[in-house]
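A short worksheet on the structure shown next.
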Amino acid sequence: MAFGEQPAYLRVAGDLRKKIVEGLLPPHTRLPSQARIREEYGVSDTVALEARKVLMAEGLVEGRSGSGTYVRERPTPRRIARSGFRPATGATPFRQEQAAAEARGTWESSSVQTEAVPAVAERLGIEPGDRVMCTKYVFRDAGEAMMLSTSWEPLALTGRTPVMLPEEGPLGGMGVVERMRAIDVIVDNVTEEVGARPGLAEELHTLGGVPGHVVMVIQRTFYASGRPVETADVVIPADRYRVSYHLPVR
């Protein structure tokens, strides 16, 4: 193979991808069989198989048991808003968006006390094994799971206070900034680090993805005078959503 030349399976995958993107192979159309690919492109069975695997890993096609491989419906990405601190209304961005008459968003959550694993402990500036409140969320739009979130708060800070449970009590659901203010902890900074990775099996099961689908992961941490008071992992399916940031200019 000459320097800079693509392997045969990538060239075949690239041509099939182009046909899918341009609509020559529209959604729900059966992908050419392995034998057809072999004949049309003059490649081996191994190359044809690897090309199909590439398209499946990219989420462009899906296998249907006993039927073959078909072009997937390509969703139009929707926007998920992110912002810095919460506005005076106290609601989180998701709750604000769902306040609109046309919105159909719901969410569920569950909280449990547990021990901080090393990675979480490092992010919170505590010792591994220290007690934390772990809260898991599933956010839905018209019943479809659109976003997952897992947050951790050190119980040395919130334990035995009215805000120990993020979604219960007088300030339940009001967001980290307002809840911490209620116990005289003033949040003055938040960081969000955005990355991407293949979704975990349990994540894709909830989000409706297929193995190999990529998810965006937002690693968020709130600080009060340099001290981490809450950290969370927000997981969003990358093929269906775009993250839009609205940050104040200071």
Scan the range 22-60 residue by residue and report those that are within 21 Å of residue 211 (Cα to Cα) and either of a type in the set (Phe, Trp, Tyr) or under 25 Å from the mean Cα position of the chain (by Cα) (or both). 27, 53, 54, 55, 56, 57, 58, 59, 60
So residue 200, is it free of Cβ contacts under 8 Å to residues at least 24 places away in the same chain and assigned by the TED database to the domain that holds residue 139: yes
Could you please find all residues in the range 214-250 being β-branched (Val, Ile, Thr) and farther than 20 Å from residue 109 by Cα? 214, 215, 243, 249
Where in the range 23-128 are there strands (runs of 3 or more DSSP E), lying fully within it, with 1 or more residues that are assigned by the TED database to the domain that holds residue 144 and modelled with pLDDT under 80? 78-83, 105-115
Among the candidates 17, 11, which residue alone is in a helix (DSSP H, G or I), open to solvent by 30 Å² or more (accessible area, probe 1.4 Å) and closer than 30 Å to residue 217 by Cβ? 17
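Residue-by-condition table, conditions (1) within 26 Å of residue 78 (Cβ to Cβ); (2) at pLDDT 95 or above; (3) buried (at least 20 other Cβ atoms within 10 Å of the Cβ):
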position	(1), (2), (3)
158	no, yes, yes
168	no, no, no
187	no, yes, yes
190	yes, no, no
197	yes, no, no
204	yes, no, no
212	yes, no, no
215	yes, no, yes
227	no, yes, no
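The values are calculated or read from the model by the stated rules, or taken from the named source; none is laboratory data. Predicted, not measured: the structure shown is a model, and the values here were computed from it. Cβ: placed from backbone, ideal geometry, glycine included. Neighbour counts: every protein chain shown. The protein model used for the area step is the full one, side chains on, heavy atoms only, and it has no ligands, DNA or RNA in it. Shrake-Rupley method; radii C 1.70, N 1.55, O 1.52, S 1.80 Å.
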